[in-house]
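Please read the structure below before turning to the comments.
Nothing in this text is a laboratory measurement; each read-out follows from the coordinates by a stated rule. As the structure is a computational prediction, the values presented were derived from the model and not from experiment. Backbone-built Cβ (ideal geometry, glycine too); neighbour counts: all protein chains shown.
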Amino acid sequence: MKLTEIIEAFNENLSKEYGAILLYIELRKLPLMARNVKTAALISSLAEDEMHHAEMLADRIASLGGESTWQIAPFERKSTVRETLMQIIESEEQAIEDYSYLIERLAGQPKLREMLIAILEDERRHKGRTEELLKSASGRKANP
């Protein structure tokens, strides 16, 4: 990949990381999630991971001579926990696909790949944790 393509791809993912942060914040505010302190803490930690990803990408973009985007990937605000969790799972699946693709394309860039592999591992973990939350929330009656 050319340097400009790498910067462009990283900015696209940076925009999506910003969107993921907002999705987790929205999820945490929904009544079913907010009432459970343990669940709220988990959601906050996932949002913090996404913030760390954004910081890593922004730092790498700067080190490559690029300028970080301020654009946030659009998302539709959902009204239920289930809808929001499904949206987050889809977002995490897309992130897994995007980072896997970039890792393949950057075969000759070990430092960039190392960073992306670390982010990819987090995104896979996020997907699993969110699926667990969905399963748990689906078992409850209030505001599914």
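Assorted remarks:
- Options GLY65, ALA40, LEU22, ranked by Cα towards positive dipole end of the range 1-83, top entry (Cβ charges): ALA40
- Computed [θ] at 222 nm, helices only, for the chain once each DSSP H run of length n ≥ 4 contributes -39500 (n - 2.57): -27000 deg cm²/dmol
- Taken one residue at a time, the phi angles of the range 82-87 give Karplus couplings (6.51, -1.76, 1.60, θ = phi - 60°) of 4, 4, 5, 4, 4, 5 Hz. Gly and Pro are set to x.
- Restricting attention to the chain, the count of lysine pairs at 8 or more positions apart or across chains with alpha carbons under 24 Å apart stands at 20.
- Most mobile listed residue (ALA107, ALA73, ALA34) in the chain, GNM with C-alpha springs under 10 Å: ALA107
- Convex hull of Cα atoms in the chain, direction-averaged projection (nm²): 8.0
- Here the relative contact order of the chain, from alpha carbon pairs under 8 Å that lie six or more residues apart, stands at 29 percent.
- Applying both filters, DSSP loop and at most 14 other Cβ atoms within 10 Å, to the trypsin sites (Lys or Arg not before Pro) of the range 64-107 gives ARG77.
- Mean projected area (nm²) of the alpha-carbon convex hull when the range 44-107 is viewed from all directions: 5.4
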